[in-house]
Ligand SMILES: *Cc1c(COP(=O)(O)O)cnc(C)c1O
């Protein structure tokens, strides 16, 4: 702390990202990155864009990418908002759409960035507990609120709410914005994008980081009614008009257009997830059913932080959250089949040594 800090900085609660180790011979199953590289067409687009025109600012409205997203989801360009990763999109959402008289609502176990934004923008929030089986019960969200936000599938748990239930939530909550963070939707969920026609208060946030394997490029977007998007544009253009650089715009368009690669890699991740879940259950792990690219698991005899440590020593990094209700769980990102086989082998050894 220093007397030079602006007021309020002392009380911030910064998000703590998963470890990004320097070494390369570790198996990284801790931050839900895609184990496969981006589409070869993305790499080609990046090479083509690495040229003299980098001296020029990018299109501040990134029309090429907005247009590609609008076409992909059959929307208007005015219904698309872009940001430097969906974390930045979410920051603008919190500032531009979720600060009102009543507190916003989100689950007690969810993406840990939401409380950080609340502190940053001084937004009151109420955490709504998941049920015993880690489900979101939408009846618990029937109260005055300044907005509702949750990931679907939910972060940390991987549990998915059907569109029927989302629709019921929207029917019961017309006076504030509902934000659905669909970072993991391509791994077996169903997007609520088609509901934005009927609900002017619905905003969907997605990212290129997970299913399109571009966490390093930083591209996220939101889609919703033009009025919601306009608020986000006003915030963004008061902050940084050039959120996406020239390389990112070109590469993201290429990623969106390579349907074959996208479908192949996400199907592979889904099938590895099901395989890994079954293998872990054979080792007596409790596995929360997941529609995301990770599994939340608990072993009846192994202490989670110790196990996390033991895995680290063998070169496998998974994520442990020292947090109420999940302090005996580990979150394991889905790697390649080879990564997961090695994980199972190491866990089998650990269990045999017990
Ligand atoms: C990974 C993740 C994000 C952030 O993604 P970026 O686009 O890389 O910033 C947002 N929300 C949830 C729930 C995530 O898991």
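All of the numbers you see were taken from the coordinates with simple rules; none came from a lab. Just so it is clear, the model here is predicted, and its values are computed rather than measured. Here the Cβ positions follow ideal geometry from the backbone for every residue, glycine too, while neighbour counts run over all protein chains shown.
Is it possible to state the helix-based mean residue ellipticity at 222 nm for the chain, with each DSSP H run of 4+ residues giving -39500 (n - 2.57), the sum divided by total residues, to the nearest 500 deg cm²/dmol? What is it? The partial results should precede the final answer.
Details: 10 runs with 126 residues, N = 354.
Theoretical 222 nm ellipticity from helices: -11000 deg cm²/dmol.
In terms of its C-alpha gyration tensor, region 128-274 has an oblate overall shape, because the principal axis ratio a/c (a ≥ b ≥ c, square roots of the eigenvalues) is not below 1.5 and a/b does not outweigh b/c. Given R₀ = 35 Å, what would the calculated FRET efficiency be for residue 126 paired with residue 71, taking r from the Cβ atoms and rounding to 0.05? It comes to 0.35. Using a simple spin-label model with pseudo-atoms 7 Å out from Cα toward Cβ, residue 24 and residue 44 lie 2.4 nm apart. Per-residue packing, averaged as other Cβ atoms within 10 Å, sorts the ranges 141-153, 58-70 into the order 141-153, 58-70, beginning with the highest.
Across region 114-201, the relative contact order, built from alpha-carbon pairs under 8 Å that are at least six residues apart, equals 27 percent. The length gained on full extension between residue 323 and residue 336, counted as 0.36 nm times the residue separation minus their Cα-Cα distance, comes to 1.9 nm.
Once C-alpha pairs closer than 8 Å and six or more residues apart are averaged by separation and normalised to the residue number of the chain, the relative contact order reads 24 percent.
Kirkwood's formula applied to the C-alpha pairs of the chain gives a hydrodynamic radius of 21.3 angstrom.
Once C-alpha pairs closer than 8 Å and six or more residues apart are averaged by separation and normalised to the residue number of region 144-280, the relative contact order reads 19 percent. Taking 37 °C and 0.692 mPa s as conditions, region 38-137 diffuses translationally at an estimated 193 µm²/s according to Stokes-Einstein applied to its Kirkwood radius (Cα pairs). For region 319-350 versus region 120-199, the inter-centroid distance based on Cα atoms is 27 Å. Taking 0.36 nm per residue of sequence separation and removing the Cα-Cα distance, the residue 260/residue 353 pair yields an extension gain of 29.1 nm.
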